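The values are calculated or read from the model by the stated rules, or taken from the named source; none is laboratory data. What you see is a predicted model, and the numbers here were worked out from it, not measured in a lab. Neighbour counts run over all protein chains shown; Cβ positions are idealised from the backbone, glycine included.
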Amino acid sequence: MTGQTVEDTAIADWFNSRLIINPAYISQDENRLFEVLTVLELMQALEPGLKGLIVKKNGEIRPDISFSEGKLCFNRIPIDKLSTGFVSIIKIFQEIIAGYGGWGGLHGETDLKNMDGVVFIDEIESHLHPKWQYRFIPLLKKFFPNTTFYIATHSPTIVSTTDEGEAYELIRKGNDVTAKRLGNPREWYLVDVFSQGFHVDFDEMEETESEAPSLADMLRNFSEMVKDYTIRKDDGLKQKIEALYQKILPSLPKDDPRRRSLDSLKGLVR
């Protein structure tokens, strides 16, 4: 197996269709090389460490990507070896440019960045490193000044990059959904973004955590419950022991000596 996903293949096919065709056999207005260059320009702007994707050869600006063993490669790395987040970025950029390119092609438009349009993106943060999340919206706004973006997100990082009047919370009440403007998240502390945009109460969480028993307390309680069970075989107590055992397990690796002691005690409950 190559490890390529359907998404990888779709992206590779899009690049192939614009790069492999000999330009000598197509008319100038059907040459879609500028679409590839725009995608690569966006990629390099989002991640400055990506150097050399666009080069100048013989006075012409050309993409410096390759195909090896049938696979599309960026900086000599096959697309199926790239991180899921990186592929997601390429896909978002590629779909925006493909949509604008298809429409602009009807009018001979090559300046895709300045076209008027509306773009919807759902869960933009999926698989993206927080660094890329932080850069994404400012980059889209800079590169596509005439585009209106509607972006759904559950990422406080994404929300924190919006300017005043741009971010809204969608609130569902029964069958109705209303939008509440969030103000100016860019000026907030991140904790305020969690609180105002996602209703996360850290103070309440800290109080809950402080009220929760420690691992040492749970182990001590478990030992006492098992000792009690060996004296009086009570089914209700047995169920409580099992529930506490399951609660403790995630906190103890298998090679932890306390795990072996826990399992030994559990073996006494029959």
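For segment 42-58, give me the residue count where each residue is under 16 Å from Ile11 (Cα atoms) and either assigned to a strand (DSSP E or B) or free of Cβ contacts under 8 Å to residues at least 12 places away in the same chain (or both). Count: 0.
Among residues of segment 208-249 being modelled with pLDDT under 80 and exposed (fewer than 11 other Cβ atoms within 10 Å of the Cβ), the one that is farthest from Val191 (Cα to Cα) is Ser214.
Buried (at least 18 other Cβ atoms within 10 Å of the Cβ), modelled with pLDDT of 90 or more and not basic (Lys, Arg): does that describe Ile137?
Working: buried (at least 18 other Cβ atoms within 10 Å of the Cβ): yes; modelled with pLDDT of 90 or more: yes; not basic (Lys, Arg): yes.
The answer is yes for Ile137.
Of the strands (runs of 3 or more DSSP E) entirely within segment 59-165, those holding at least 2 residues that are free of Cβ contacts under 8 Å to residues at least 60 places away in the same chain and of a type outside the set (Gly, Ala, Ser) occupy 60-63, 71-74, 117-122, 147-152.
Quick check: anything in segment 138-160 aromatic (Phe, Trp, Tyr), outside the structural domain of Pro48 (by TED's automatic domain parsing) and closer than 16 Å to Val39 by Cβ?
Looking only at segment 138-160, we keep the residues that are aromatic (Phe, Trp, Tyr), and these are 143-144, 149-150.
Now drop any that are not outside the structural domain of Pro48 (by TED's automatic domain parsing), which leaves 143-144, 149-150.
Cutting the leftovers down to closer than 16 Å to Val39 by Cβ gives us 143-144.
The answer is yes, given that some residue of segment 138-160 is aromatic (Phe, Trp, Tyr), outside the structural domain of Pro48 (by TED's automatic domain parsing) and closer than 16 Å to Val39 by Cβ.
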